[in-house]
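> My structure is below; once you've seen it, I'll send some questions.
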Amino acid sequence: MRVTQSMLSNSTLRHITNSYSKLGQLNEQMNTGKKFSKPSDNPVAAMRAMGYRTDLNRIEQYQQNISEVQNWANSTDDALNQVGLALQKIRELTVQASNGTLEGDQRSYIAAEVSQLKEQISSIADTQIGGKYIFGGTKTNVPPSKDFSQATGQIEVEVFSGIKLPLNFEGAGLFSDLVGDNGEISKLVNSLNANASEEEIGQYLSAIDVQMDNLLSARATIGARQNRVELMDDRLSSQKVFSTRILSDNEDVDLEKVIIDLTSQESVHRAAMSVGARLIQPTLMDFLR
């Protein structure tokens, strides 16, 4: 086959154009740090990247949910601790009121203090996070103290694929038995104000002890939830690192390799330009200009 000057010129120009294209691709990778800038550059990798990013976004959403559960659990535990302190003080006052050594005025002072502690527990029942009542059951926009019997229902949030954790703690049973209209503390206040006998006042001690046991049980439940939240948070953190690494392997370039390839391609391009300049000889038209 006869090789003409035109064939040499066209072949040389085609290779130089391809060299420019490869230089542009390597330069793009160098500037962006990515293997591809649009899906058409690498359709398979682009499809994988979409899946990896979906997984990563889902993990980040789970982490936000975990953080919400953790905040509610910590706030609930702190609130129940405050209830425990108030309840312990009420028990101490009940012991004083039942020992038969107090005068009428002193018992009225105790009744007033117990009443204030009752109000304190009621205010704790109305603890909020982000404008939501944590002891209100599913009615997070209604203060539980308005009607403790309505503070029922549990809210769950998804913290992993197929795994849900309760967000709130139902306050109906706990606070209704404590400071509801028919709760033990309310009955104690009424008995103190009615100047009941020491024996009648003393009977409330066992009821208060039962409520303290219930409170400890509630705190144990919250403590177990906090432990599980920490484990799930650690699991999600590990999963996020793993997913991020997979995404990086799929998208990010090896900069050292790109630098080497770019340097090598520049050398090849210069050589191609030099050879091309010698191969593309002047034509008769160049002399006629």
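The values are calculated or read from the model by the stated rules, or taken from the named source; none is laboratory data. Fair warning: this is a prediction, and the values are worked out from it, not measured in the lab. Note that each Cβ is placed from the backbone with ideal geometry, even for glycine, and that neighbours are counted across all protein chains shown. Quick note on the areas: whole protein, heavy atoms, side chains included, nothing else; ligands and nucleic acids left out. Shrake-Rupley method; radii C 1.70, N 1.55, O 1.52, S 1.80 Å.
> Considering only C-alpha atoms, what is the centroid distance from the stretch 125-158 to the stretch 214-229, in Å?
Spelled out, the Cα-based centre of one part sits 18 Å from the other.
> In nanometres, what is the gap between the two model label sites at T244 and V44, each 7 Å from Cα along Cα-to-Cβ?
In this crude spin-label approximation the distance works out to 2.8 nm.
> On to the next question. Roughly speaking, what is the stretch gain from N190 to E266, that is 0.36 nm per residue apart minus the C-alpha to C-alpha distance, in nm to one decimal?
That works out to 18.0 nm of additional length.
> Ok, one more. Quick check for you: which residues of the stretch 104-132 have the amide N under 19 Å from the point 7 Å beyond the Cα of Q150 toward its beta carbon?
122-129, 131-132
> Next question, about the same structure. Of K132/K164; K89/K164; K139/K187; K146/K187; K139/K240, which ones are farther than 30 Å apart at the Cα?
Pairs exceeding the cut-off: K89/K164; K139/K240.
> OK, next. For G153, what residues show an amide H to amide H distance below 5 Å, using hydrogens built from the backbone and excluding near sequence neighbours?
Correct list: T138.
> Assuming R0 = 35 Å, what is the FRET efficiency of E113 and Q226, from their Cβ-Cβ distance, to the nearest 0.05?
Efficiency at R0 = 35 Å is approximately 0.60.
> Here's another thing I want to ask about it. What FRET efficiency would be calculated for the residue pair S197, R91, taking the C-beta separation as r and a Förster radius of 22 Å, to the nearest 0.05?
Calculated value: 0.75.
> Could you compute the FRET efficiency for D209 and S75, with r as their C-beta to C-beta distance and R0 at 22 Å, rounded to 0.05?
That pair, D209 with S75, gives E of 0.25.
> Along the stretch 202-214, what does the Karplus equation 6.51 cos²θ - 1.76 cosθ + 1.60 (θ = phi - 60°) give for ³J(HN,Hα), rounded to whole Hz, x for Gly and Pro?
Listing the rounded values in order: x, 5, 6, 4, 5, 5, 5, 4, 4, 5, 5, 5, 4 Hz.
> List every residue whose amide H lies under 5 Å from the amide H of I129, counting only residues 5 or more places away in sequence or on a different chain, with H placed 1.01 Å from N in the peptide plane.
Result for I129 returns I134.
> Provide the per-residue ³J(HN,Hα) series for the stretch 221-230, in order, calculated from phi with Karplus coefficients 6.51, -1.76, 1.60 and θ = phi - 60°, each as a whole number of Hz, with x at glycine and proline positions.
Karplus-based 3J(HN,Hα) across the stretch 221-230 equals 4, 5, x, 5, 5, 4, 5, 5, 4, 5 Hz.
> Also, I was wondering about something else. Need one number: nm distance between label points at S217 and R53, each 7 Å from Cα along Cα→Cβ, rounded to one decimal.
Here the answer is 5.1 nm between the modelled labels.
> If you roll a 1.4 angstrom probe over the protein chains with everything in place, what fraction of the accessible area of the stretch 167-256 belongs to carbon and sulfur, to the nearest %?
That fraction is 46 percent.
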